[in-house]
Amino acid sequence: MTEHVLAAIDGSQYAESVCDYAAWASLALNAPLSFVHVVDNHSDVPAEQNLSGNLRFGARERLMKELSELDEQRAKVNREQGKLMLEAAKARAVEDGVADPIIRQLNGTLVETLVELEKDIRLLVVGKRGETAHHASGHLGSNLERVVREMHRPILMVPKAFKQPERVLIAFDGSKTARKGVEMLARSPLFTGTECHVLIVGAETAEHRSELDWALTTLRDAGHQAEGAIRSGEVDDTLQAYEKEHAIDLLVMGAYGHSRIRHLLVGSTTTAMLRGSRIPVLILR
């Protein structure tokens, strides 16, 4: 089966941007575009034992019946809202130039559903926050770190507003995985015509200089305008400072062995960093 660009949408303020970035990626990669909305009907009503209290049997029975009816109504509303969002997403993608986007509404939890679909995903596009990011629920923001940890496909996490990338920064540490990331960046049609930057966060050493030279040569040989730097400091602060200085439009990161970037990516600061970024972040697996 052909691998798709898959956009996970919900009712958040990021939905339109997710649509636009997904359409851009679909067209650039010449890959089919699919939108998915996951309906999680898990009830947030307190457990049954918390409802009994001093209620007499009849009152308790009526209460549980009413709660069950409310759950059914909520599920129906969620499905109808999801259908409307999917239709709107499809229409927006068509306006962006995508010929025939696919829309799917599935029941379950977001992360488990995405993992099940993973074999058919070429690129996953999600917003940095979901519609209920402040709750521990099944929406994008609350599951951001789990998506990063459990998915093994490239993930593009996008901000609220779309801007076609013109300057791309890859966080590089010279590892085997990082080199694959540079090679992907060099040959991917997603980045045709973009200005590529390479940043190594660490000390100025001969080894780091050699690694940087290799990355820049690889990108230039593929036809990219490329420049780079070696800077010391905290990884997230250093990356963000470079982004601002060079007006970077998209940050590329990977799961880099045991480097400091690896610890940042899978550590406790992952969600905060991704949510705090003002630009899209592409995580390579």
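Taking all protein chains as shown and a probe of 1.4 angstrom, His152 keeps an accessible surface of around 120 Å².
In the structure shown, the pairs Lys83/Lys119; Lys119/Lys160; Lys90/Lys119; Lys90/Lys244; Lys83/Lys180; Lys180/Lys244 are assessed against 30 Å; a Cα-Cα span above that value is assigned to Lys90/Lys244; Lys83/Lys180.
What full-extension length gain, to one decimal in nm, is calculated for Glu3 and Val77 as 0.36 nm per residue of separation minus the Cα-Cα distance? Write down the numbers at each step before the final one.
Values: separation 74, 0.36 × 74 = 26.64 nm, distance 3.12 nm.
Full-extension gain reported as 23.5 nm.
The amide H of Ala7, built 1.01 Å from its N in the peptide plane, has Ser34, Phe35, Val36, Val125 as neighbours under 5 Å, considering only residues 5 or more places off or on other chains. Amide H contacts of Gly254 (H built 1.01 Å from N, in plane; Pro and chain starts excluded): Leu284 sit under 5 Å, all sequence-distant by 5 or more or on other chains.
The values are calculated or read from the model by the stated rules, or taken from the named source; none is laboratory data. Since we're looking at a predicted model, the values are computed, not measured. What goes into the accessible areas is simple: the full protein's heavy atoms, side chains included, and nothing from ligands, DNA or RNA. Shrake-Rupley method; radii C 1.70, N 1.55, O 1.52, S 1.80 Å.
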